[in-house]
Amino acid sequence: MRQLLPACTIFAAAFLSATSNFLAAGELPDFEIRNSVQHWIDQLGSKRYQKREQATQELARIGAPALERLRLAATNPDPEVRRRAQQLIERFSPPAQPVEPPPQPALRKLKIFC
């Protein structure tokens, strides 16, 4: 048991060091992002308004990595979850390009003779 304690300490220090490197770079490992996104999506349907608002803000902060799960949440049976997920998807999606009408054929100039 005493031999495991130093090994656990070393492992914990290595883990914290690796995690702090991700956090310092502003990135989280994929599994951390997935877990975090899922947690906040679950909170979109909370009974408490404050938790729903916090979840919306956190998902907005995460940004594009949350899109895949937000698209799934947009089909959730809970209307509040659907609405908030759709709003976030719209925020992350690029705006649609305006559709230009097809060019009109040039009109011939008619000369009127008097």
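The values are calculated or read from the model by the stated rules, or taken from the named source; none is laboratory data. What you see is a predicted model; the values in this text were computed from it and never measured. Heads up, the Cβs are rebuilt from the backbone with ideal geometry, glycines too, and the neighbour counts pull from every protein chain shown.
Descriptive notes on the structure:
- Near pairs, Cβ below 6 angstrom, 6+ apart or cross-chain, from the stretch 79-102 (farther than 16 Å from residue 53 by Cβ and of a type in the set (Val, Ile, Thr)) to any residue that is at pLDDT 75 or above and surrounded by 14 or more Cβ atoms within 10 Å (Cβ to Cβ): 89/70
- For the stretch 88-105, the candidate set comprises residues that are of a type in the set (D, E, K, R) and not in a loop (DSSP other than H, G, I, E, B); within that set, the residue that is surrounded by the most Cβ atoms within 10 Å (Cβ to Cβ) is 91.
- Selected residue [at pLDDT 95 or above, surrounded by 11 or more Cβ atoms within 10 Å (Cβ to Cβ) and within 13 Å of residue 36 (Cα to Cα)] from 55, 85, 66: 55
- Scan the stretch 44-81 for residues that are under 16 Å from residue 30 (Cα atoms) and in a loop (DSSP other than H, G, I, E, B) and the total you get is 1.
- Verdict on residue 12 being modelled with pLDDT under 65, in a loop (DSSP other than H, G, I, E, B) and loosely packed, with under 11 Cβ neighbours inside 10 Å: no
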